[in-house]
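The values are calculated or read from the model by the stated rules, or taken from the named source; none is laboratory data. As the structure is a computational prediction, the values presented were derived from the model and not from experiment. Glycine also receives a Cβ, built like all others from the backbone with ideal geometry; neighbour counts cover every protein chain displayed.
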Amino acid sequence: MRTQHFSRRLCFVMMLVAVLGLIQPVGKASAKTLNVMTSTEDLAALAREVGGQHAQVEAIARGYQDPHYVEAKPSFLLKLQKADLLVVVGLELEIGWLPPLITQSRNARIQPGASGYLDSSTVAEILEKPSGPVTRAMGDVHPLGNPHYWLDPENGRRIAKAIADKLGQLDPEDAAYFSQRYQDFDRRLQEADKRWQQDMAPLKGTEVITYHNSWPSFVEHFGLRVGGYVEPKPGIPPTPSHTLEVINQIKKDQIKLILVEPYFDLKTPNAIAQQTGAKVLVMMPSVGGAPEVKDYLQLFDYDIRLLKTALSGQK
Ligand SMILES: [Zn+2]
């Protein structure tokens with residue numbers, strides 16, 4: 001009888017502990033968590049670095065998709081409706097698929113110009129900015145400058161800082177937290193960049209051909225050179241006459257590598273390789289392009305390892 005009474009009391013105490021245990025984390029979680037949507041996985045990776053547990057981050061485009069051409073799935077509308085912040089690459093990279101999603105979300109917070117809209121290109125160093133009148137002549141998909149600027153770690157740092165600042169504006173209580181996360185990321189990025197520069201030092205000045213013009217920021221940071229492109233113009237598929245020019249150039253300049261983004265057909269690069277002896281390398285332009293590329297630092301780890309391996313013994 002007494003034991004029964006005791007066990008009933010024990011049971012009550014345990015329930016109380018359980019309930020309190022439940023209440024406590026709820027109390028903690030009432031600290032804000034911002035809903036962050038980004039157009040690409042690279043921006044999502046940077047937002048996660050600085051957002052930590054106070055940001056729920058999701059990207060629209062996958063890292064293995066061509067960011068110029070993404071299917072605008074309606075399922076993203078629901079997510080955009082709830083977003084506190086939308087981070088985009090800008091420079092018209094997403095012009096073919098993102099604007100209708102933003103409009104249809106009817107979320108006033110994330111409309112261009114609103115406080116929850118961040119265009120990363122405004123804080124990054126942009127290469128190939130047009131000097132004359134802007135034109136999309138012949139289908140050029142880079143009319144405002146090169147939109148693949150996240151492939152320079154310096155720009156990654158600038159974007160992370162801008163996202164941290166923006167998160168701090170939207171959630172001032174956690175501003176110090178975001179700032180601390182940014183400083184930690186910046187430190188890790190600087191350490192990693194020292195390692196990458198060492199790895200790339202022997203490859204300085206190496207000339208490569210790239211399929212699409214995705215790599216100017218990357219090659220500038222790491223000291224490579226781009227001799228030409230498999231595409232005659234960004235966004236225009238290879239033509240026989242242009243392919244012949246590329247083959248002649250590779251032979252003349254003794255170019256050893258053709259870098260191809262994972263979403264392009266390998267037929268033309270392989271044909272060029274066969275004619276010239278150059279090697280085709282599928283490089284990752286984005287986080288999520290390969291399963292092992294899960295964050296921003298791993299993106300450079302992956303590509304630099306690939307380049308090093310491909311060129312080892314050739315120089
Ligand atoms: Zn492009």
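Summary table below
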quantity: Test for Gln104: is it more than 16 Å from the ligand (Cβ to nearest atom), over 17 Å from the mean Cα position of the chain (by Cα) and surrounded by fewer than 22 Cβ atoms within 10 Å (Cβ to Cβ); calculated: yes
quantity: Residue check for Glu92: among the acidic types (Asp, Glu) and part of a loop (DSSP other than H, G, I, E, B); calculated: yes
quantity: Among (1) among the hydrophobic types (A, V, I, L, M, F, W, C); (2) within 15 Å of Leu306 (Cα to Cα); (3) within 16 Å of the ligand (Cβ to nearest atom); (4) in contact (Cβ under 8 Å) with a residue 24 or more places away in the chain, the one test that Leu257 misses; calculated: (3)
quantity: Test result for Gln4, more than 16 Å from the ligand (Cβ to nearest atom), at pLDDT below 95 and closer than 23 Å to Ala176 by Cβ; calculated: no
quantity: Residues satisfying the stated conditions in the range 125-149, i.e. modelled with pLDDT under 95 and within 10 Å of the ligand (Cβ to nearest atom); calculated: Asp140, Val141, His142
quantity: Residue tally, condition part of a loop (DSSP other than H, G, I, E, B), out of contact with any Lys or Arg (no Cβ under 8 Å at 6 or more places or on another chain) and surrounded by 15 or more Cβ atoms within 10 Å (Cβ to Cβ), over the range 247-283; calculated: 6
quantity: Qualifying residues in the range 204-224 (those that are among the hydroxyl-bearing types (Ser, Thr, Tyr) and in a loop (DSSP other than H, G, I, E, B)) - the one nearest to the ligand (Cβ to nearest atom); calculated: Ser214
quantity: Scan of the range 202-253 for residues that are closer than 14 Å to Phe264 by Cα and among the small types (Gly, Ala, Ser), ordered by number; calculated: Ser214, Gly235
quantity: Selection count, the range 144-166, where residues are in contact with an Asp or Glu (Cβ under 9 Å, 6 or more places away or on another chain), crowded, with 24+ Cβ neighbours inside 10 Å and not in a helix (DSSP H, G or I); calculated: 1
quantity: Qualifying position, being surrounded by 19 or more Cβ atoms within 10 Å (Cβ to Cβ) and polar (S, T, N, Q), among Ser241, Ser312, Ser286; calculated: Ser286
quantity: Residues satisfying the stated conditions in the range 57-87, i.e. surrounded by fewer than 17 Cβ atoms within 10 Å (Cβ to Cβ) and within 17 Å of the chain's Cα centre (by Cα); calculated: Glu58, Arg62, Tyr69
quantity: Some residue of the range 138-147 being over 18 Å from Pro216 (Cα atoms) and either in contact with a helix residue (DSSP H, G or I) (Cβ under 6 Å, 6 or more places away or on another chain) or not β-branched (Val, Ile, Thr) (or both); calculated: yes
